[in-house]
Amino acid sequence: MIIQEIQDASAEMWRKSLPHISIDSVVFGFRDNSLKVLLLKLKNEDNWILPGGYVNKDESIDDAAKRILFERSGVDKIFLNNFGVFGDLNRSEGYFESYPDDLWHKQRFITIGYYALVDYTQVIPVADNFSDKCEWIPVDKLPNMVMDHAVILQKALSTLREHISYKPIGYNLLPNTFTMPELQSLYETILGQKLNRGNFYRKMMRYNILIKLDEPRKGGAHKAPNLYRFDEQNYEKAINEFRF
């Protein structure tokens, strides 16, 4: 059944999509002090892949990336960053070696990599016709991935770690209100290292993207930490100033 589904999809792709160009997205979410990535498990296999797809003939590459992520997550307000192009010989053809040569998926594809930062609580993972499930997986507990998707994922993670040193990250990864320790925990989780508390606070305040709220977080035996939220206008300005 899965072979017939792929062949039917192949015919549709030849009709509506651009040849030899694909998109693979690394979707990051943050939950319980863990950085997670959205992955699809292939039907009847123990292999996983990144959410991906093809560019329709009537849409731009960025619009295609947004569409594909909406189909996978139901989220339409997504921070996307184009981080690389992957075009090694036989990067994907080998996986479809047993299929007919005229299959759309078996052709040579150059894929454009995007990483996305999304609010974990707003995502409803959706599997496609070729997948058993779509799930959040911790980045430090990754399953076996096919083709070059593990390489793409690691490149996205290293790019995110590089970007976090120069521009603010967090708007789509944290709830509407949060404490400074929670923001620092996000950065430490992404970077995989501890940060100096005072230096981190000063760096965040220099961005001018945080609004300190009047009320502290309630509960706890110690002094309640201050609550913050992002200033959306200043955050967007800071992102654009440091956009790569």
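The values are calculated or read from the model by the stated rules, or taken from the named source; none is laboratory data. Model, not experiment: these values are computed from the prediction. Using ideal geometry, Cβ is built from the backbone for each residue, glycine included, and neighbour counts are taken over all protein chains shown.
Given the options Lys155, Lys212, name the one that is within 30 Å of Asn44 (Cα to Cα) and either at pLDDT 90 or above or in contact with a Phe, Trp or Tyr (Cβ under 7 Å, 6 or more places away or on another chain) (or both).
Numbers: Lys212 fails: within 30 Å of Asn44 (Cα to Cα).
Of the residues listed, the single one that is within 30 Å of Asn44 (Cα to Cα) and either at pLDDT 90 or above or in contact with a Phe, Trp or Tyr (Cβ under 7 Å, 6 or more places away or on another chain) (or both) is Lys155.
For region 63-84, what are the residues that are among the acidic types (Asp, Glu) and surrounded by 14 or more Cβ atoms within 10 Å (Cβ to Cβ)? I'd like the intermediate steps shown before the answer.
As a first pass, look at region 63-84 and keep what is among the acidic types (Asp, Glu): 63, 71, 76.
The answer is none; no residue qualifies.
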If Val55 meets every condition in (1) aliphatic (A, V, I, L, M); (2) surrounded by fewer than 19 Cβ atoms within 10 Å (Cβ to Cβ); (3) closer than 30 Å to Ile164 by Cβ apart from one, which number is that one? (2)
Quick test of your reading of the structure: Phe83 fulfils all but one of (1) of a type outside the set (Gly, Ala, Ser); (2) in contact with an Asp or Glu (Cβ under 7 Å, 6 or more places away or on another chain); (3) assigned to a strand (DSSP E or B). Name the failing condition by number. (2)
What are the residues in region 141-166 that are closer than 23 Å to Asn196 by Cα and surrounded by fewer than 16 Cβ atoms within 10 Å (Cβ to Cβ), if any? Ser158, Arg161, Glu162, Ile164, Ser165, Tyr166
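Determine which member of the set Arg72, Arg91, Arg67 is in contact with an Asp or Glu (Cβ under 9 Å, 6 or more places away or on another chain), within 18 Å of His149 (Cβ to Cβ), charged (D, E, K, R) and part of a helix (DSSP H, G or I).
Working: Arg91 fails: part of a helix (DSSP H, G or I); Arg67 fails: within 18 Å of His149 (Cβ to Cβ).
None of the other options fit; the residue is Arg72.
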Across region 105-123, the tally of residues that are modelled with pLDDT under 90, more than 14 Å from the chain's Cα centre (by Cα) and assigned to a loop (DSSP other than H, G, I, E, B) stands at 2
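Is it true that Asp102 is of a type in the set (D, E, K, R) and assigned to a loop (DSSP other than H, G, I, E, B)?
Values: of a type in the set (D, E, K, R): yes; assigned to a loop (DSSP other than H, G, I, E, B): yes.
Here the answer is yes, as Asp102 does meet what is asked.
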Give Gly170, Gly192, Gly198 a once-over and let me know the one that is at pLDDT below 90 and farther than 18 Å from Tyr120 by Cα. Gly192
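Report, by residue number, each residue of region 146-197 that is in a loop (DSSP other than H, G, I, E, B), in contact (Cβ under 8 Å) with a residue 60 or more places away in the chain and either more than 30 Å from Asn90 (Cβ to Cβ) or among the aliphatic types (A, V, I, L, M) (or both).
Looking only at region 146-197, we keep the residues that are in a loop (DSSP other than H, G, I, E, B), and these are 146-148, 164-177, 192-196.
Checking the rest, the ones that are also in contact (Cβ under 8 Å) with a residue 60 or more places away in the chain come to 146-148, 166-168, 170-174.
If the condition is that a residue be in a loop (DSSP other than H, G, I, E, B), in contact (Cβ under 8 Å) with a residue 60 or more places away in the chain and either more than 30 Å from Asn90 (Cβ to Cβ) or among the aliphatic types (A, V, I, L, M) (or both), then Val146, Met147, Tyr166, Lys167, Pro168, Gly170, Tyr171, Asn172, Leu173, Leu174 are the ones that fit.
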Considering every residue within region 174-183, establish whether at least one is of a type in the set (S, T, N, Q), surrounded by fewer than 17 Cβ atoms within 10 Å (Cβ to Cβ) and in contact with a Pro (Cβ under 6 Å, 6 or more places away or on another chain). yes
